[in-house]
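Chemist: Handing you this structure, nothing more for now.
The values are calculated or read from the model by the stated rules, or taken from the named source; none is laboratory data. Bear in mind that the values here come from a model prediction, so they are computed numbers and not experimental data. Methodologically, a virtual Cβ is constructed for each residue, glycine included, from the backbone with ideal geometry; neighbour enumeration extends over all protein chains shown. Quick note on the areas: whole protein, heavy atoms, side chains included, nothing else; ligands and nucleic acids left out. Shrake-Rupley method; radii C 1.70, N 1.55, O 1.52, S 1.80 Å.
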Amino acid sequence: MKLLIHAGAGNLSRDSDLGQLEPQMIEGLKIALETGYAILRAGGSSLDAVIEVVAGMEDYPLFNAGRGSVLTRDGSVEMDAVVMDGRDRQAGAVACVSTVRNPVRAARCVMERSPHVLLVGSGAEAFARDNGCVIVSPDYFVTPEMYAYWSSMPERSTPGLEISAGGVASKHGTVGAVALDLHGNVAAATSTGGLLNKISGRVGDSPIPGAGTYACNRSVAVSFTGTGEHILRSCAGHRLASLIEHKGLSVPDAMTILLAELTAIGAEVGMIAISPDGGWCVDFNTTGMLRGSVDANGSIVTAMFIDGAVRRMAG
Ligand code: ASP
């Protein structure tokens, strides 16, 4: 069994406001890893583990998912989330939701209680409410820090990440988890507020099975973070799975190829992946990525920057 998590990749520096928050960020990762470890150790499914881990990270206000999500150009929060089960490639997702406290739980409801894969906007929110998900005011998600940052941005018409090097905007704080359970099954979940300053209605890679998230017991469970448009148009999740399934590559070797391809088209990206045979890898092409792992004996590894820690983690 093994669990890998991320809380976003980006061009981070220790001197930035965000860099100063490293201890709190690492604490958030450790709490998530402990949650997932307890589930997996007790024989729980990889599906349950990734959902509980991601729900906890959605509640943690320093990550760009659930409370603490980045704001759109209009100053609102619009979140996307997905879950995928490697046993049968069942998947559920929601996009552009602003009132569901834990979008990843709504994604699970879509998978288990609807005939569909992806619901968006008000329809997704009504479905989540009708299926017992906790609904909150849109204000719940807006932290004072994120509002202050958004208000101070000089140019709110510029979407995305280039607004201030080293600041909040240059870090992609999406959260994700992939797990291999004691029964040999893999699963993946990803949740995000998307890109800071995005146009309202924009949906990125994260909630799209085969793009920002994928899970199949024949190959791999993977969750991405980074510039979503690049990941989306590369069908990156399915591409990684295909390299493993059809070319017979290991997870680290397939990730080397995919990372080079994504870098070549200008993506800033990070990814975590694990296969049913236990092969796994965490890698990124930015200066930092919030990342962590826990293995069968409970040993936890976490890191935020490259310095002092190896960039790639693999097994
Ligand atoms: N990939 C996410 C998106 O484009 C952003 C991120 O990973 O931070 O919505």
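Chemist: I'd like to check which strands (runs of 3 or more DSSP E) are fully inside the stretch 1-102 and have at least 3 residues that are closer than 23 Å to Phe127 by Cα and of a type outside the set (Val, Ile, Thr).
Modeler: Result: 79-85, 90-97.
Chemist: Shifting gears a bit: Given the conditions (1) at pLDDT 95 or above; (2) under 20 Å from Ile26 (Cα atoms), report the number of the one that Cys235 does not fulfil.
Modeler: Of (1) at pLDDT 95 or above; (2) under 20 Å from Ile26 (Cα atoms), only one is false for Cys235: (2).
Chemist: For the stretch 206-222, which residues satisfy the criterion of being in contact with a His (Cβ under 7 Å, 6 or more places away or on another chain) and more than 16 Å from the ligand (Cβ to nearest atom)?
Modeler: none
Chemist: Determine whether the stretch 223-233 contains at least one residue that is buried (at least 23 other Cβ atoms within 10 Å of the Cβ) and more than 12 Å from the ligand (Cβ to nearest atom).
Modeler: no
Chemist: In the stretch 182-231, which residues are among the basic types (Lys, Arg) and over 15 Å from Pro276 (Cα atoms)?
Modeler: The answer is Lys198, Arg202.
Chemist: May I pose another question? Select, from Met289, Met271, the only residue that is within 11 Å of the ligand (Cβ to nearest atom), open to solvent by less than 10 Å² (accessible area, probe 1.4 Å) and touching a helix residue (DSSP H, G or I) at 6+ places or on another chain (Cβ under 7 Å).
Modeler: Met271
Chemist: Can you name the condition, by its number, that Gly66 falls short on among (1) on the phi > 0 side of the Ramachandran plot; (2) surrounded by fewer than 24 Cβ atoms within 10 Å (Cβ to Cβ)?
Modeler: Every listed condition holds for Gly66 apart from (2).
Chemist: Restricting attention to the stretch 131-172, and to residues there that are under 27 Å from Ala267 (Cβ atoms) and touching a helix residue (DSSP H, G or I) at 6+ places or on another chain (Cβ under 6 Å), which single residue is modelled with the lowest pLDDT?
Modeler: Ile163
Chemist: Next question. Taking interchain pairs and intrachain pairs at least six residues apart, which have beta carbon atoms under 8 angstrom, with the first residue in the stretch 214-228 and without any contact (Cβ under 8 Å) to a residue 12 or more places away in the chain and part of a strand (DSSP E or B) and the second open to solvent by 10 Å² or more (accessible area, probe 1.4 Å) and more than 16 Å from the ligand (Cβ to nearest atom)?
Modeler: Listed by first residue and then by second, the contacts come to nothing, as the list is empty.
Chemist: Name the pairs: first residue in the stretch 107-127 and open to solvent by 20 Å² or more (accessible area, probe 1.4 Å), second residue assigned to a helix (DSSP H, G or I), Cβ to Cβ under 6 Å, at least 6 apart or on different chains?
Modeler: That search, which allows pairs on different chains as well, returns Arg108/Ile51; Leu119/Val110; Leu119/Phe127.
Chemist: Quick check on the stretch 54-66. Is at least one of its residues among the charged types (D, E, K, R) and over 14 Å from the mean Cα position of the chain (by Cα)?
Modeler: Checked the stretch 54-66: no residue is among the charged types (D, E, K, R) and over 14 Å from the mean Cα position of the chain (by Cα).
Chemist: Is one or more of the residues making up the stretch 191-203 in contact (Cβ under 8 Å) with a residue 60 or more places away in the chain, assigned to a strand (DSSP E or B) and within 9 Å of the ligand (Cβ to nearest atom)?
Modeler: yes
Chemist: Give the residue that is surrounded by the fewest Cβ atoms within 10 Å (Cβ to Cβ), with candidates limited to residues of the stretch 193-213 that are touching a Phe, Trp or Tyr at 6+ places or on another chain (Cβ under 9 Å) and under 16 Å from Ala95 (Cα atoms).
Modeler: This residue is Ala211.
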